[in-house]
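Below: one structure, written as structure tokens.
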Amino acid sequence: MNIVWATSESVPYAKTGGLADVSSALPKALARRGHSIHVIMPYYPQQMAKLNLKFDAVHEMLGVPFGDANEWAQIRILKVEKNLTYCFIEFNRFYDRATLYDWNGSEYPDNAQRFIFFSRAVMQTVLALGLHPDILHLNDWHCALCSVYLRSSLYSGFRNFADCRSVMTIHNIGYQGVYDQGNLYWTGLGWEYFNFRCLEFYNRMNLLKGGIMCADMVSTVSPSYAEEILSPEYGFSLDSSLRHCAYHGRLRGILNGIDVSEWNPASDQRLPAVFSPDDMAGKAVCKAALQEHFGLPVRPDVPLFGVISRLAYQKGLDVFADSLEDMLYHDDSQFILIGSGDPWLQGRFSWLASKYPEKFAAYIGYASDKISHLLEAGSDFFVMPSRYEPCGLNQMYSMRYGTMPIVRSTGGLADTVRNYNADDPSASTGFVLWDLNPVSLRNTIRWAGDVYRKHPEAVAQLRRNGMTADFSWDNTASQYEKMYRDAHQ
Ligand code: ADP
Ligand code: GLC
């Protein structure tokens with residue numbers, strides 16, 4: 001199939017979270033299965049110039065209708081491998097920024113314009129490059145408008161789109177792109193699109209809703225999350241639109257995979273030592289290097305708990321902060337946290353790190369690949385107490401590195417982590433809690449620490465189970481292929 005994959009981020013070009021990992025690994029897996037993929041994303045000079053990319057071509061005059069004007073952008077084209085081409089939309093007024101979406105926790109005030117423009121540019125790129133996609137695969141709200149465009153008279157008449165169907169993947173329903181209705185002006189669409197079956201949402205314009213309502217198929221990134229978002233508790237007010245999709249058989253939950261070549265403890269050059277299920281000696285070297293890097297006492301015997309995350313409400317790390325001080329005061333355990341986001345939480349973690357420097361280290365900011373891989377490899381446990389988690393990648397990275405996840409049972413975490421069973425750990429991979437409050441999180445962390453100290457044979461079993469589980473994309477790429485075919489039914 002010819003697939004156009006639209007996204008606002010993709011590794012290694014620009015990343016704020018898991019969307020970038022998925023937008024790199026899944027297109028690659030699909031290309032290797034014989035499909036032809038064009039990934040279209042913005043060109044962010046401040047993030048990408050340092051990569052010194054050697055572009056294969058530049059399409060200089062990409063006309064993009066925007067409001068009543070016609071703007072001119074450029075397409076930078078990069079052939080990454082056979083069947084896989086990246087098209088970067090260069091338009092500095094919108095994408096030449098220090099960060100992708102927000103500054104100090106506040107969204108850029110022109111985000112509606114920035115991503116309406118991007119959506120329109122995706123459609124124009126298909127025309128300008130003479131592509132004939134079978135599938136327009138849209139990821140999250142930033143490009144959701146494309147599925148509305150595809151059904152609109154603005155594009156439905158073009159032969160390039162004659163056989164095209166759209167698939168809308170929701171990576172996180174907590175971010176929808178909701179803006180004042182006056183922004184409809186920038187889209188070039190008429191008011192007939194501003195109704196409850198399309199873009200209208202409590203009198204405002206909701207880009208993700210438009211994408212969901214107009215896409216031929218809608219998917220999200222784990223089976224459990226696909227069920228959760230049908231309820232008011234998890235649906236962020238889009239649950240009724242999603243129930244409508246589900247009722248018509250248009251909603252799927254397909255579990256994310258991970259890039260097993262990037263995340264492979266047996267060959268990871270970023271680590272001070274490699275290891276595998278049959279030879280775990282290197283993991284102890286990684287643990288010592290991690291403790292040393294973060295200034296904690298280098299001790300092999302103490303359980304080490306790691307966290308690497310956006311500090312957002314979704315991730316439940318405020319509860320972790322509430323549970324932490326009691327453990328720092330009483331327990332012989334170590335904790336390392338890497339994260340950025342909520343300024344108040346950043347401050348709290350920094351304060352705890354300065355109060356308990358022997359037990360807790362925090363790096364507030366975005367860590368390099370080298371350090372994030374070291375944290376996955378060197379920790380004994382990885383803590384993810386998410387309020388909701390569409391899929392989550394870190395628990396899978398952890399398991400692959402023999403690090404046992406401690407997770408709240410929600411979304412993709414519930415689908416990927418098997419709770420420790422003391423009587424029969426043959427299928428267990430981690431530790432699971434259900435109620436998110438400081439006491440239950442603390443109890444689960446203490447339970448895990450206890451197992452670490454008293455049952456080394458169980459720990460070895462859990463590690464092996466996680467390291468040998470199959471989280472590769474090949475496992476799930478075929479489900480995307482099926483969804484693409486079903487979109488054409
Ligand atoms: P989400 O996309 O909701 O943030 P995921 O678990 O799917 O959650 O993916 C998060 C990705 O972002 C992982 O690759 C993780 O390592 C990375 N990440 C998050 N915060 C940081 C940070 N402060 N420094 C480095 N990498 C980070
Ligand atoms: C989102 C979700 C995360 C998921 C990622 C990739 O950022 O929060 O759970 O793993 O997208 O699909």
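The values are calculated or read from the model by the stated rules, or taken from the named source; none is laboratory data. Computed from a prediction, not measured in an experiment: that's the story for all the values here. Here Cβ is always computed from backbone atoms with ideal geometry, including for glycine, and neighbour counts include all displayed protein chains. All accessible areas refer to the heavy atoms of the entire protein, side chains included, with ligands and DNA or RNA removed. Shrake-Rupley method; radii C 1.70, N 1.55, O 1.52, S 1.80 Å.
Within the option set 12, 45, being surrounded by fewer than 15 Cβ atoms within 10 Å (Cβ to Cβ) and within 16 Å of ligand 1 (Cβ to nearest atom) holds for one residue only, 12. Those helices (runs of 4 or more DSSP H) of the range 157-269 in which at least 2 residues are open to solvent by 40 Å² or more (accessible area, probe 1.4 Å), considering only elements entirely within it, cover 184-187, 223-228, 232-235, 239-247. Of the residues making up the range 1-41, those that are assigned to a strand (DSSP E or B) and either among the aliphatic types (A, V, I, L, M) or under 25 Å from residue 310 (Cα atoms) (or both) number 10.
Among residues belonging to the range 270-295 that are among the acidic types (Asp, Glu) and not in a loop (DSSP other than H, G, I, E, B), point out the one that is most open to solvent (accessible area, probe 1.4 Å). Step by step, filter the range 270-295, then rank; the result is 292.
Residues that are more than 16 Å from ligand 1 (Cβ to nearest atom) and in a helix (DSSP H, G or I) were ranked within the range 332-356; the one that is most open to solvent (accessible area, probe 1.4 Å) is 344.
Within the range 194-217, residues that are in the same structural domain as residue 246 (by TED's automatic domain parsing) sit with their Cβ atoms under 6 Å from residues that are of a type in the set (D, E, K, R), at 6+ positions apart or across chains, in these pairs: 194/200; 201/209; 213/197; 214/151; 216/165; 217/250.
Residue count for the range 128-150 satisfying the condition of being closer than 13 Å to residue 167 by Cβ and among the β-branched types (Val, Ile, Thr): 1.
The set of residues in the range 222-265 that are in contact with a Gly (Cβ under 9 Å, 6 or more places away or on another chain) and aliphatic (A, V, I, L, M) comprises 226, 229, 242, 255.
For residue 329, the conditions (1) crowded, with 17+ Cβ neighbours inside 10 Å; (2) assigned to a helix (DSSP H, G or I) are fulfilled apart from (1). In the range 395-405 there is no residue matching the filter, namely being closer than 28 Å to residue 25 by Cα, at pLDDT 95 or above, touching a Lys or Arg at 6+ places or on another chain (Cβ under 8 Å) and open to solvent by 10 Å² or more (accessible area, probe 1.4 Å). In the range 20-42, of all residues being open to solvent by 20 Å² or more (accessible area, probe 1.4 Å) and of a type outside the set (Gly, Ala, Ser), the one that is nearest to the chain's Cα centre (by Cα) corresponds to 21. Of all residues in the range 357-395, those that are within 16 Å of ligand 2 (Cβ to nearest atom), in contact (Cβ under 8 Å) with a residue 40 or more places away in the chain and assigned to a helix (DSSP H, G or I) total 3.
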